[in-house]
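**Student:** Can you keep this structure in mind? I'll have questions shortly.
The values are calculated or read from the model by the stated rules, or taken from the named source; none is laboratory data. None of the values given here were measured: they were computed from a predicted structure. Methodologically, a virtual Cβ is constructed for each residue, glycine included, from the backbone with ideal geometry; neighbour enumeration extends over all protein chains shown.
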Amino acid sequence: MSKKEISQLQKKEVEMKKAAARGSKAEQKAKKKQVEEEVSQLSTKLKENHAKELAALGYSSGNGNEKSNLDTLVKAIAGVSVASQPEHTKVSKAKQRRDKRAQQEAEREQRIQAEQTDIVSDRMIENEKLEKKLKPLGLTVCEIKPDGHCLYRAVEDQLAVLSGGRSPYTYQGLREMVAAYMRKHTSDFLPFFLSENLIEDDSNESLAEKFENYCKEVESTAIWGGQLELGALTHCLKKHIMIFSGSFPDVEMGKEYKSDGGTGLSNSSIMLSYHKHAFGLGEHYNSVVPT
């Protein structure tokens, strides 16, 4: 109500001043003085009404500055405080939000720096262990592009090395081959699929539909490949696959496809390296080649 009264008073003052601007200079001067007196009277009356309202609420300053404090309170209630109270509160809240965001960003940066330090440290340790493992075998790591296709790119690189030229399959071709093999041998992969993937209880899809959707992702997206896909690859390609790691025990798959009678690495083995700490984004596969 107070803001409305102040607005009405300001509007009336503007109208009165416009009316006083007409006529001769002498008339304008007289009218201007009259307007100022009327506005002053209206303002005083409004303040008195507000003072009565405040008194009814039990306001008392007790410090001898009742009129000054009363004026300030009246203006504050009317939304025209000299300190611009509402705007000040709004700015203060905005500043609090900015300060909070700045603090959160600072904390986030600190966490990132700490994580990066840990990742670099873990990466160095992992790489040193892997190098010690590969060097006596006359092997070294060949870096593969770090994306969701890294497993398939690493196998593509291995096939190129084994053929002495270009790989007979692209990473995309390998993806499609893996998806097709998994579809054809669903019963072999379903138990592993269930153990590696969280199945939502409230999903309307059947288990078969979930597995089919997974196969579609394997062949048409950059979904990361792991143990499930390695199992399919070794059978698709009929190759022995050796996965070296600096963080875990080495993994051997497709032993039945070894061509050296089951001892050591054959000339047709696919050799990969598994890196848990290669990148902040997650796990990674590289190709392992002769030095």
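**Student:** Select, from Gly225, Gly231, the only residue that is in contact with a Cys (Cβ under 9 Å, 6 or more places away or on another chain) and either modelled with pLDDT of 95 or more or assigned by TED's automatic domain parsing to the domain that holds Lys135 (or both).
**Tutor:** Testing whether each residue is in contact with a Cys (Cβ under 9 Å, 6 or more places away or on another chain) and either modelled with pLDDT of 95 or more or assigned by TED's automatic domain parsing to the domain that holds Lys135 (or both) leaves just Gly225.
**Student:** So, one more: Limited to segment 236-252, what total is found for residues that are of a type outside the set (Val, Ile, Thr) and surrounded by 19 or more Cβ atoms within 10 Å (Cβ to Cβ)?
**Tutor:** Of the residues in that region, 6 qualify.
**Student:** Is it fair to say Arg183 is part of a helix (DSSP H, G or I) and over 14 Å from Ala232 (Cβ atoms)?
**Tutor:** It is false that Arg183 is part of a helix (DSSP H, G or I) and over 14 Å from Ala232 (Cβ atoms).
**Student:** For the list (1) touching a Ser or Thr at 6+ places or on another chain (Cβ under 9 Å); (2) surrounded by 17 or more Cβ atoms within 10 Å (Cβ to Cβ); (3) more than 24 Å from Phe193 (Cα to Cα); (4) modelled with pLDDT under 95, I need the number of the one condition that Thr291 fails.
**Tutor:** Only one criterion in (1) touching a Ser or Thr at 6+ places or on another chain (Cβ under 9 Å); (2) surrounded by 17 or more Cβ atoms within 10 Å (Cβ to Cβ); (3) more than 24 Å from Phe193 (Cα to Cα); (4) modelled with pLDDT under 95 is unmet by Thr291, namely (2).
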